[in-house]
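First comes the structure, then the notes that go with it.
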Amino acid sequence: MNKPRYEVDTQGYYGQFGGAYIPEMLYPNIEALRERYLAITSEPSFQQEFQALLRDYVGRPTPLYWAKRLSEKHGARIYLKREDLCHTGAHKINNTIGQILLAQRLGKQKIIAETGAGQHGVATATVCALMGMECMVYMGKLDMERQRPNVERMRILGTQVVPATSGNMTLKDATNEAMRHWINHPTDTHYIIGSVVGPHPYPDMVARFQAVISEEMKRQLIEKEGNPFPDYVFACVGGGSNAAGAFYHFLADEHVQLVGVEAGGRGIDSGESAATTALGKPGVLHGSRTLLMQTDDGQVVEPHSISAGLDYPGIGPMHAHLFDIGRVTFVNVTDDEAMKAGVALSRTEGIIPAIETAHAMAALDQFEFDKDDVVVINLSGRGDKDLETYIKWGQY
Amino acid sequence: MGSVLMKNRIVQLFESKKEGILSIFYTAGFPTVDDTVPIAVALAKAGVDMIEIGIPFSDPIADGPIIQQSNKQAIEGGMRVAVLLEQVAHVRKQTSIPIVLMGYLNPVLQYGMERFCQQASRAGVDGVILPDMPMAEYLQRYRELFRANGLLNAFLISPTTSELRIRAIDSVTEGFIYAVSASSTTGTRHQFEAEQIAYFERLRALGLSNPYLIGFGISNAQTLATACRYAAGAIVGSSFIQHLAAQGVDSAAIQQFVHDLRQPAP
Ligand SMILES: Cc1ncc(COP(=O)(O)O)c(C=O)c1O
């Protein structure tokens, strides 16, 4: 029997998922990326600059913190991978550093991005300020309201934030607008997609930039546990970039249980959810074939999550494949469970997590661990941006 | 080309008419779900050469605000792929105008590509345009299916498409090529820029083996006449949808709209 494949194939597919489903107007851009991304990112000069910025600017490696009180609570050896300590407050900047260096080498002068929670928008605005490039970020109007601090951060950084006013005015709609902008400005502009979604090669490219997370985890686990392999890795999944990074170097080691946590919203039967693996079917959106929440007639269903970063009707094609072949276990937690877990982490470890990340924390309650189990949770971001949502929720 | 395709109405159109072809695009189920058929009949009566009926989609990334809005309204009004195919059969009873269905891949995939092709063919559809369907996937998985059902597939090219790729597209085209006038989403414009004219000239000089129609941004007599100087004809979309939004589906008004488009440029 063939070993299962986890990485993308030469046609841009992960099993039946992936590919590049784009109108002709974007073909030259996607083709140029596809032809050049591996060569450019493996050049020594690229790697040197990338690694130096990750170290001196982002603050990597991020700590792998043994959460003592949380461990006692759940009866396991729990570690938190502190992506919340990255510059700008989330893992998103690992990818934007990589893509801005790539954009420069592709000769692009302008940058666009979509954002949900605003973390990817801030991370993009930040690297554009760093490199002196013009930047425009599309953000759903609803998200601009619920993640206001991030809107102002982007503006302070000199980025133009453009409201997306179609659909539910969230991440999907911001992505539509960014793609439309790119169709209208294909030659001078690079589109920094913020997750492992979009047409090939974006999912693979973003996963590679985020893979530093699991690369560090392995090294840090050797130091702390004498063994690079944990028993579990947990990560929340919106599009799936922090999960892709946290899983990447463990995929081939099948005794490591990988758990992706999706946003259940008000419950998967409520009609207001973003739990794609529970509710989706194969379909095509935003340039790739993946699992997608949709009607029988192929119309995309508007998702719901209290967390703007998880409020998306699809997942990256890599995750759709890993779900399909059973390599990653997907679970979901409700808005309420996530909020409670966010407050609980604040009180057991003194860390207020992003609401996206709080979903990963909440999933711990669905598992029974052995006391010797080593469990790593990817703490993808910090909760400063979410204060308004915490305050509105009020139960603390 | 197989014998089924030789009887295809689009093939016949391009054989009998080499210039000044006018194709009109509109969204199925806009302004209301029952309007698809009367609009088609009115366009045929007005002497339009071909109609392209849009299959609405929730996330039309290649479309500007006018067509986005028409998609949204059509879906909310109950337009579905199955409904559209029935409507096309009604149109086909009343006119022999070539009919193209154009839309995003996902609704067609959910309907089932094979079922879609069979039923579209039976309803009297002549061609299909799915701008986000990769060429390689069409050639590997669907070309035989399209042929077996007598359907043409038209590919898009744009100003940033390389000559090599244009020639590759030309070599697998049966029917016509859809030349997008600018690097843009759909919408209206009053006139073409110099760089678009340069692109049209470049296209004409390629001496492609298939005819091409220019679309995107053709919205008045002037842009139509310009496009027709460089191509076998042109496609009008957003501007017609704007007309429907403002004036409704009145047949006389549609005929006037087409008449005004075909005015010789001043
Ligand atoms: C802190 C944090 N975690 C997770 C996500 C979800 O994105 P992804 O699934 O790509 O990691 C976001 C997105 O905005 C985020 O800000």
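Before moving on, here are some points about what is shown:
- Computed over Cα pairs, the Kirkwood radius of region A:245-364 leads via Stokes-Einstein (1.002 mPa s, 20 °C) to a diffusion coefficient of 144 µm² per second.
- Classification of region B:172-216 by its C-alpha gyration tensor yields an oblate form. The axis ratio a/c (a ≥ b ≥ c) is 1.5 or more, and b/c is at least a/b.
- The calculated 222 nm mean residue ellipticity attributable to helices in chain B amounts to -13500 deg cm²/dmol, summing -39500 (n - 2.57) over DSSP H runs of n ≥ 4 and dividing by all residues.
- Expressed in units of 2.2 N^0.38 Å, where N is the residue count, the Cα radius of gyration of chain A is 0.90.
- Quotient of C-alpha Rg and 2.2 N^0.38 Å, computed over region A:15-172: 1.20
- B:Ala205/B:Glu15 FRET efficiency (R0 25 Å; Cβ-Cβ; nearest 0.05): 0.60
- Evaluated on region B:42-157, the Kirkwood hydrodynamic radius is 14.7 Å, with distances taken between all distinct Cα atoms.
- Exercise: per-residue mean of other protein chain Cβ atoms within 10 Å, A:179-189: 4
- Area projected by the alpha carbon convex hull of the protein assembly as shown, averaged over all directions, nm²: 29.4 nm²
- Gain in span if fully extended, A:Gln160 to A:Trp66, counting 0.36 nm per residue against the direct Cα distance: 29.9 nm
- Under a 5 Å amide H cut-off, with hydrogens placed 1.01 Å from N, A:Tyr138 pairs with A:Ala113, A:Glu114, A:Thr115, A:Val162 among residues at least 5 apart or on other chains.
- Calculated FRET efficiency, A:Glu152 to B:Ile197, Cβ-Cβ distance, R0 = 41 Å: about 0.40 to the nearest 0.05.
- Rg(Cα)/(2.2 N^0.38 Å) for region A:202-262, N = residue count: 1.07
- Region B:3-261, Cα convex hull volume normalised per residue, Å³: 112 Å³
- Mean residue ellipticity at 222 nm, helices only, chain A: -12000 deg cm²/dmol; runs of at least 4 DSSP H residues each add -39,500 (n - 2.57), and the sum is divided by the number of residues.
- One way to sum up the overall shape of region B:136-255 is the equivalent ellipsoid from its Cα gyration tensor, whose semi-axes run 27, 20, 12 Å, largest first.
- Each residue of region A:339-349 was assigned a 3J(HN,Hα) from its phi angle through the Karplus curve 6.51 cos²θ - 1.76 cosθ + 1.60 (θ = phi - 60°); the sequence is 4, 4, 5, x, 5, 4, 5, 4, 8, 8, 10 Hz, with glycine and proline shown as x.
- The convex hull defined by the C-alpha atoms of region B:90-184 has an orientation-averaged projected area of 6.6 nm².
- A:Arg36-A:Ala129 FRET efficiency (beta carbon distance; Förster radius 30 Å; 0.05 resolution): 0.75
- Ranked by the mean number of other Cβ atoms within 10 Å per residue, highest first, peptides B:17-23, B:247-253, A:371-377 order as A:371-377, B:17-23, B:247-253.
- Taking the chain by itself as reference, region A:8-22 contains these residues with an accessible-area loss of 50 Å² or more in the full protein complex (1.4 Å probe, heavy atoms): A:Tyr21.
- Placing a label point 7 Å from the Cα of A:Ser270 along the Cα-to-Cβ line, the residues of region A:295-313 whose backbone N sits under 19 Å from it are A:301-313.
- On the principal axes of its alpha-carbon atoms, region A:356-396 has extents of 38, 20, 12 Å, going from largest to smallest.
- Taking all C-alpha pairs of region B:61-128, those more than 19 Å from each other amount to 37 percent.
- Averaging the Cα positions of each part gives two centres, and for region A:150-209 and region B:3-46 these lie 36 Å apart.
The values are calculated or read from the model by the stated rules, or taken from the named source; none is laboratory data. Since this is a predicted model, take the numbers as computed values, not measurements. Backbone-built Cβ (ideal geometry, glycine too); neighbour counts: all protein chains shown. Side chains included, ligands, DNA and RNA excluded: accessible areas come from the protein's heavy atoms. Shrake-Rupley method; radii C 1.70, N 1.55, O 1.52, S 1.80 Å.
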